[in-house]
Every structure is written in structure tokens, then in C-alpha cells.
Amino acid sequence: MPHPRSFGISVLLLSCLFATAKDKKKALLPADVLRARSVLVLVDPNSGMDVRNPNANRTAQEDVEKALMNWGRFSLAMDAENADLIVTVRKGSGKIAQPTIGGVPNNNRPVILEPTDSGGRIGVRQGNPGGVGDPSDPQSPSPQPQVEVGQSQDTFVVYRGSTKDDPYWAPLEAPPVWRYTAKDALESPGVPAVEVFRKLIADSEKQLAGTP
């Protein structure tokens, strides 16, 4: 039978451990991410085209762009070279496995609409945004049927943008800064992923400023 004093010390140590875990601050976003002011939104280059809903990823991309512009913190970049951050989106199907078409260029929109309260801005881009490590470029294999496994929920992933110091660096090959995965995370009009990212940035700035 344990000695009463030993038992009391054990309880005290456990209490200290729980208190430490409870008081530990949430991880902050890096300072360079908080300074970012431009963002490029891409469909995840590794995602295929849903055979039942071919426009699902493209619609999610446009909804995220609108939500970011309504936020007002970021401007939309048209290529990786001018983007402080790169966000990739992938619409989930709600199923563990789904048939898709692979080898489809996901990010070759010739026209980009940047919606604003004053009416919007239209930009023209030729081909894919360069320098992001996009495997769905013209050198990729021809479109072909495939089965995607394990992508049942929406995903919103944030990467650092390209850097002029290293023109050969592919941002999407680097570890992401932040990832959010949830059911209907990219659903319009609320686009919960953007709201969660917005709150995370606000909380991070408050912590850096030392405010409660």
C-alpha cells in the first residue's frame, strides 16, 4: 500500500502537469505569414476531376477567392512570383474513395475575376501560374481515370509563396504553414476554412502583441 505522503506528492505532480498543459499557449503562425498581403489560390494540383461534379474544385477555388477578398486583408495574386502566400483547395466527396479523372490541368484559367465591393477586377493569365510545383502542367500525362482514396473532406492548405532569392524553389514542395480539413470547409457562402484562418491570424497577432 503506497505511503500517504508519496500518494500526496504524486497527486501534486499530476496537478502541475495538467496545469502546465492547460496554460500552454496555442502555436502561433510565423511572423512572415502575418505580414503577408497577397495570396494565390490554386486547386490542389494532385487532385483529379470529380466525374460526377467536374466543377467542384473550380467552384471551391472561386468561393475561397471571394471570401478572402471580402475579408479585405489580402489581394489576389495572379502568379506565384507575386504571392506572399499560396493556398490550395480540394473539395471532398464525402466518401473514402471516389473515381476521378487525373492528368487534368487544374489551374490554367485564362481569366481571373477578383471581386471587390467596388465591382471587381479582371486579370488575364496565360497557362498555369509558374513556379509552384504543379504536376498538372502541359508536360503531365494525358487525362485518365483514377481512384482517389482518403480525401473525403474539404481541405484548405497554406504555403509560403515563391521567393526571388531562389527562383527555382517550388512552394508546394515545401511543408505547408497551416492545414485545415473538415466537412464542407469550402462551402459557400460562409467558407468556414477562411473564417477559421481569419480567427487564427487574429489570435496570433493578439498573442504577439501581448494582449489577452
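Placing pseudo-labels 7 Å out from each Cα toward the beta carbon at residue 28 and residue 184 gives an inter-label distance of 3.5 nm. The label point for residue 52 and the one for residue 208, both projected 7 Å from the Cα toward the Cβ, are 4.3 nm apart.
Every number here is computed from the coordinates shown, using simple stated rules; none is lab data. Bear in mind that the values here come from a model prediction, so they are computed numbers and not experimental data. For neighbour counting, all protein chains shown are included, and Cβ atoms are generated from backbone atoms with ideal geometry for every residue, glycine included.
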